[in-house]
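Notes for the one structure printed next.
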Amino acid sequence: MAESGLNSSAAPLQDMLDASLRDIGIPPRPLVLDRIQAEMQQETPDFNRLANYISSDVSLAAGLIKTANSPYFGFRTRARTVSQALMMLGLDLSARAVAGLILRKVFGTGPAMERFWDSSARIARVSGWLAQQFERRDGVGPEDAYTFGLFRDCGIPILLRRFPTYAETLRLANNDPKRRFTDVETDRHPTHHTLVGSMLAQSWWMPEETCLAIRHHHDAAAIDRPGNGQPGATARMIALTQLAELCVQHATHRAQTHEWDKLGEACLERLQLLEIELPELLDRATPVALSED
């Protein structure tokens with residue numbers, strides 16, 4: 001009886017959570033992520049069954065195969081089918097790749113969004129590359145940095161759809177040399193993109209460290225002093241992607257912001273990188289940032 005009461009009380013709470021997510025405009029978790037999660041829980045996952053399901057969406061299937069064949073992952077063989085891509089990437093990384101592909105589809109394109117997704121993809125790619133350049137610490141591998149780079153700013157397109165004046169808020173936040181980005185947002189809106197983005201990531205079953213990194217990626221204290229329930233992986237992912245953003249800005253000369261001025265010192269310390277080493281690293285990262293793969 002106690003178990004029944006617990007379940008009955010949990011259902012309204014989940015309904016309230018779902019309603020709050022819909023109210024702010026957070027898209028529901030795609031069914032394909034449920035399918036992947038279900039297979040991950042099986043003792044012997046059925047890759048062919050999952051491949052057949054993903055293949056029903058031509059663009060999703062093509063995107064997953066392209067991801068598996070990216071030079072970034074460095075597989076010696078090329079995936080020609082979704083099933084092969086799943087086997088090469090594994091279900092965990094496949095789920096993250098699929099989530100990133102769906103995220104872009106959900107919010108559509110248009111000139112402004114194309115620039116946003118292009119920037120996110122470049123930051124993700126450079127984040128993964130940077131993770132390979134530094135000694136692996138706090139359990140953060142290239143795939144973790146890459147995923148975080150894709151999802152770091154996923155709250156922005158949600159707020160652009162939700163609030164007509166949010167584009168102006170972005171301009172103000174990007175151009176503010178001193179105030180924390182999220183403080184500029186909350187002066188003009190009832191929430192900010194890091195909170196909304198972390199809610200989406202949680203709803204879409206992203207790893208806990210990724211959700212926390214999304215939530216705190218404009219907070220220098222989260223890089224300086226991880227703790228209070230935040231794993232070291234959170235601080236490291238934030239530092240890697242912030243450096244990746246600087247690399248992308250250096251390579252493309254676009255979307256210059258003040259975030260490195262606010263967070264750069266903490267990022268360098270977290271990555272044990274000397275400022276004198278930074279110019280050479282920026283130059284080495286340029287081909288990665290400009291790559292279209």
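Of the residues screened, GLU209 is one that is open to solvent by 40 Å² or more (accessible area, probe 1.4 Å) and under 23 Å from GLY264 (Cβ atoms). Suppose the filter is among the hydroxyl-bearing types (Ser, Thr, Tyr) and out of contact with any Pro (no Cβ under 9 Å at 6 or more places or on another chain); does THR147 pass it? Here the answer is no, as THR147 does not meet what is asked. For first residues located in the stretch 23-40 and in contact (Cβ under 8 Å) with a residue 60 or more places away in the chain and within 27 Å of LEU160 (Cβ to Cβ), partners that are of a type in the set (D, E, K, R) and open to solvent by 60 Å² or more (accessible area, probe 1.4 Å) and lie 6+ apart or on another chain with Cβ distances below 8 Å form the pairs ILE24/ARG162; GLY25/ARG161; GLY25/ARG162; PRO28/ARG22.
Looking across the stretch 250-279, the residues that are touching a Ser or Thr at 6+ places or on another chain (Cβ under 9 Å) and open to solvent by 20 Å² or more (accessible area, probe 1.4 Å) come down to HIS250, THR252, ARG254, ALA255.
Scanning the stretch 51-74 for residues that are free of Cβ contacts under 8 Å to residues at least 40 places away in the same chain and touching a Leu at 6+ places or on another chain (Cβ under 8 Å) returns ALA51, GLY63, LEU64, THR67, ALA68, PHE73.
Residues are listed down the side, and each one gets a yes or a no for (1) at positive phi; (2) of a type in the set (A, V, I, L, M, F, W, C); (3) at pLDDT 95 or above:
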site	(1), (2), (3)
TRP205	yes, yes, no
ILE214	no, yes, yes
ALA220	no, yes, no
ARG225	no, no, no
ASN228	yes, no, no
PRO231	no, no, no
THR234	no, no, no
ALA239	no, yes, yes
LEU246	no, yes, yes
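If you go through the stretch 147-155 one residue at a time, do you hit one that is among the aliphatic types (A, V, I, L, M), under 26 Å from LEU268 (Cβ atoms), in a helix (DSSP H, G or I) and modelled with pLDDT under 95? Yes, some residue in the stretch 147-155 is among the aliphatic types (A, V, I, L, M), under 26 Å from LEU268 (Cβ atoms), in a helix (DSSP H, G or I) and modelled with pLDDT under 95.
Look at PHE151 and say whether it is of a type in the set (A, V, I, L, M, F, W, C), under 23 Å from ASP283 (Cα atoms), in contact (Cβ under 8 Å) with a residue 60 or more places away in the chain and surrounded by 14 or more Cβ atoms within 10 Å (Cβ to Cβ). Judged against the criteria, PHE151 is not a match. Would a scan of the stretch 168-191 turn up a residue that is in contact with a Gly (Cβ under 7 Å, 6 or more places away or on another chain) and either surrounded by 17 or more Cβ atoms within 10 Å (Cβ to Cβ) or modelled with pLDDT of 95 or more (or both)? Checking the stretch 168-191: not a single residue is in contact with a Gly (Cβ under 7 Å, 6 or more places away or on another chain) and either surrounded by 17 or more Cβ atoms within 10 Å (Cβ to Cβ) or modelled with pLDDT of 95 or more (or both).
Can you pull out every residue in the stretch 45-68 that is out of contact with any Asp or Glu (no Cβ under 9 Å at 6 or more places or on another chain) and over 15 Å from GLY100 (Cα atoms)? Answer for the stretch 45-68, where residues must be out of contact with any Asp or Glu (no Cβ under 9 Å at 6 or more places or on another chain) and over 15 Å from GLY100 (Cα atoms): ASN48, ALA51, ASN52, TYR53, SER55, SER56, VAL58.
Pairs meeting the criteria (first residue in the stretch 174-193 and closer than 16 Å to GLN256 by Cβ, second residue not in a loop (DSSP other than H, G, I, E, B), beta carbons under 6 Å, at least 6 apart or on different chains) are ASP176/VAL184; PHE181/ALA173.
The values are calculated or read from the model by the stated rules, or taken from the named source; none is laboratory data. Please read all numbers here as calculations on a predicted model, not as lab measurements. For neighbour counting, all protein chains shown are included, and Cβ atoms are generated from backbone atoms with ideal geometry for every residue, glycine included. Heads up: the accessible areas ignore ligands, DNA and RNA and are worked out on the full protein's heavy atoms, side chains in. Shrake-Rupley method; radii C 1.70, N 1.55, O 1.52, S 1.80 Å.
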